[in-house]
Every structure is written in structure tokens, then in C-alpha cells.
Amino acid sequence: MDFMNTVLIVGGGGREHALLKALLRSERALCVFAYPGNPGMERDGCMLVDQPIENWDDLAKWASENEIDLTIVGPEVPLVEGIADTFNKEGLTIFGPSKAAARIEGSKAFSKDLMKKYGIPTADFQTFTDKNKAHAYLEEKGAPIVVKVSGLAAGKGAIVCDTVKEAKDALKDIFDKKSFGEAGETVVIEEKMSGEEASVFVLTDGKSYKILPAAQDHKTIGDNDTGPNTGGMGAYSPAPIVDGALMARIEKEIIVPTLAAMEKEKSRYRGVLFIGIMVTKEGPKVVEYNCRFGDPETEAILPLVQCDWYEAFKACAKGRLSDVKWSVDPGFCVSVVLASKGYPGKFEKGKVISGIEMAESKGALDVYFAGVSLDKQERLVTGGGRVLAVSSWAPALIDAVAQAYEGVAEIQFDGKTFRKDIAAKGLKYTK
């Protein structure tokens, strides 16, 4: 038997299922575990960690006992809590930034100060821990303006305010009602940038880096960007708004200076750096940094990249990324999220899901499990706000869109909710 590499994926959403499928596309013999994982990952041959895990020390101990060669971390919370440091102490190889480097997402105050100090283009801002001082700043600046909590808020911590009253209400929520808990102890107030957003992902070992195809996410629940914000209702890649010339500027003005700044701050960045970009009239500016892959962008980007992902992730952890063979398909990938009725508010769970096999039989199409559980009869049922993501790829964007929606049409569950305009912004450019 060929030598088998062992992998542990930390997380259990659509992004982690996409990471698993990407790993399994290579010729390499892999034995993959997940914590906590999901039924879709299990269906693809991934084993779930079956021991009680109380903290990251427990998981590191489990990984050590099970001789895990590589751990890949999906979500931001474990990274901000320092899972990479815990695993490194045990002599384990882990893909993801250290606790010090993960502050780039874990503290907006840290990341905004970093950008100011090193001249990285971003919105004008000020940081506050006192509500009255924040009020005085609002009176001076006026609206529209953006109020952000500094800590982690599961993608819900940026409040766009069209009036000063809305901004003051947001501050009341954060400081008086403590709606965001500790995450809201420090608040960043910044100018509202106008333009189109794009997501740029950089794989890095701290020195060398590889830029993934740019993506565009669809944040709100409703078509034409209406309704409340969600964790993301779909994405497509590459986003035509980020052409070669713009990507060259992003690389020179943002990526290179950010990695150099982290090195100077003694927080060498290893893993994937996700940069939210606003394409403004003056050029690209940073909306925010994240210390992990985005969801649903991951489901739209990974199918386009040809490499041995095990080798690529391990090389990032070991400082050898420049050795990795890497190519990007010239086509497009579109990912549509299917959500539960009522999301992002209250939603019901336990609705039986059918048609996944029919969707998957369509060819160049993947179905990623996010909020899916098994009921007592072992049937797949809805278990979260975002239930599934359907990704399809093709040489032309219009065909990738059509195939993705054909897959969506095959899948049924009570209250299935999805946007019908994923990648419409991209199609405008390709006409």
C-alpha cells in the first residue's frame, strides 16, 4: 500500500467541505478527519473526531496521538484563540496564522492602526472606547458613516449608517446594551467608501505568496442586494472587476506592504490572508482583513485552482510555498447558497432535503454541505441558516451560472431560499 498522509480539518461548514473536496482532487492517498465536520464531509469519506474535545489543547493531543501530518483550520475563532500556537507547541504542522498574526481579523483596531502606520490604503477612521467621544466625532464627521465593533462578530459587526441618528443608535446598542459583548468594547468609526467590493485571497508562508483568483460575494439575503446582511448568499470567481491592471495595484499597494508590515510587527503571517477590497475612484482600498478563507468564496475559488492542496497548505506552514506547482483554470466558477426560510433571522430546522445526487450527476458541479444534519431515520435534514452551496464551473461565466442554477433546481427542501442573481454583476462586464 502507498504511504498515506493524515489530515485534520477544523470546522464543519461549506468552506470546510470545499477544502476537503479540493484536497481529494489530487492523486495523493489521504486519510482525512474533521472536527466537528458535517454529514457531507462524512459522505465523502472523511472521519469525524469521536472523542470529547473541551479545548484546543485536547484537539492538539488527539492530533498528536493519531499522528496527524497536517491540520487545516477553516474558521476564524480557533485562529484568533491561538490554535496554531497550541499545535506548534506540540510539534504539529498546522495551516493558519499564529494568535499574534490572527489579530489582523480579531481586532479591527489593530488592523486599522497597522494600515495607518504602514500607509496601506483604507477608509479614514478613528477608534473609540468611550461613547461620548464617539458621539463628538460623529457630530464632526456627519453621515453616511460606518460603525464597526473591533472584535469578532461573525460577519455582523459592521453597521452602515445613513444618518447621525442611526450611528448614535448603533453606538447605544454596542456600548449600553452590550449587543456584541466583549467584541464591542472598542469601536472603529470610519468613512463610508463607495465602489464595488471584491474578495482577494493570498496563500502565504510569510515570505512568498500566491494570489488566488479574485471573487465577489453576495452579502444580502435578497436579489439586487436588498434585505438584511447574511454570512453570504453566493459568490463567483474570477470577478471581472479585478482585471490584471487592478490586481497588479492590489499586489503592489496592499498585499506586499501588508505581509511586510506583519513581519515588522513580529507577527509573521502564514496561512491564507483574505482581503476585502473596495474598488474606489482613487483605486483599491482595504475594507477589512480576515485570517481565513471566506465562505462562500472558497466554494467558488478552489475548483479553479490546479495543485496538490495538501502540499500547498503544508508548504505555507513550513515556509516552502515557492516550490509548489500551481495553475489556475481559465474558466469561471459560480456558487449559489441555499438557505432556510427566515434566515438570517429565526428559521426552522429539520426539513428533509432531497435531490442532491441528481444535482451532482450534472457533471462539473459540487454540492457542499453547510447547515445539514441527520435525523433519527438517517435522512439529510436542514440544520442551519445556510444549508448547502451549489458550485459549478465552465469556460464561460454565463454557462457556469446556468449549470449552478440547474443544480439548485434539483435540490428540494421546505422553505428553500436562494438568490436568483448570483454573478449578475460579473455578467455585466462580460457582455
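Observations, loosely collected:
- Residue check for residue 252: without any contact (Cβ under 8 Å) to a residue 24 or more places away in the chain, open to solvent by 60 Å² or more (accessible area, probe 1.4 Å) and under 19 Å from the mean Cα position of the chain (by Cα): no
- Residues of segment 153-163 include at least one that is in a loop (DSSP other than H, G, I, E, B), under 30 Å from residue 74 (Cα atoms) and among the hydrophobic types (A, V, I, L, M, F, W, C).
- Being in contact with a Ser or Thr (Cβ under 9 Å, 6 or more places away or on another chain) and in a strand (DSSP E or B) is a description that does not apply to residue 197.
- Scan of segment 3-41 for residues that are in contact (Cβ under 8 Å) with a residue 60 or more places away in the chain, over 16 Å from residue 83 (Cβ atoms) and aliphatic (A, V, I, L, M), ordered by number: 18, 22, 23, 30, 41
- Residue satisfying all of: in segment 226-235; touching an Asp or Glu at 6+ places or on another chain (Cβ under 9 Å) and not hydrophobic (A, V, I, L, M, F, W, C); surrounded by the most Cβ atoms within 10 Å (Cβ to Cβ) among these: 234
- Every listed requirement among (1) crowded, with 20+ Cβ neighbours inside 10 Å; (2) free of Cβ contacts under 8 Å to residues at least 40 places away in the same chain is met by residue 130 save one, (1).
- Residue pairs meeting the criteria (Cβ under 8 Å; at least 6 apart or on separate chains; first touching a residue at least 24 places away in the same chain (Cβ under 8 Å) and open to solvent by less than 50 Å² (accessible area, probe 1.4 Å), in segment 139-160; second aliphatic (A, V, I, L, M) and in a loop (DSSP other than H, G, I, E, B)): 146/123
- Some residue of segment 370-393 being at negative phi, polar (S, T, N, Q) and open to solvent by 10 Å² or more (accessible area, probe 1.4 Å): yes
- Looking across segment 138-180, the residues that are more than 18 Å from residue 288 (Cβ to Cβ) and of a type in the set (A, V, I, L, M, F, W, C) come down to 138, 143, 164, 167, 171, 175.
The values are calculated or read from the model by the stated rules, or taken from the named source; none is laboratory data. Nothing here was measured: the structure is a model prediction, and the numbers come from that model. Positions of Cβ are generated from backbone atoms using ideal geometry, with glycine treated the same way; all protein chains shown enter the neighbour counts. Accessible surface is based on the protein model in full, side chains and every heavy atom, while ligands, DNA and RNA are left aside. Shrake-Rupley method; radii C 1.70, N 1.55, O 1.52, S 1.80 Å.
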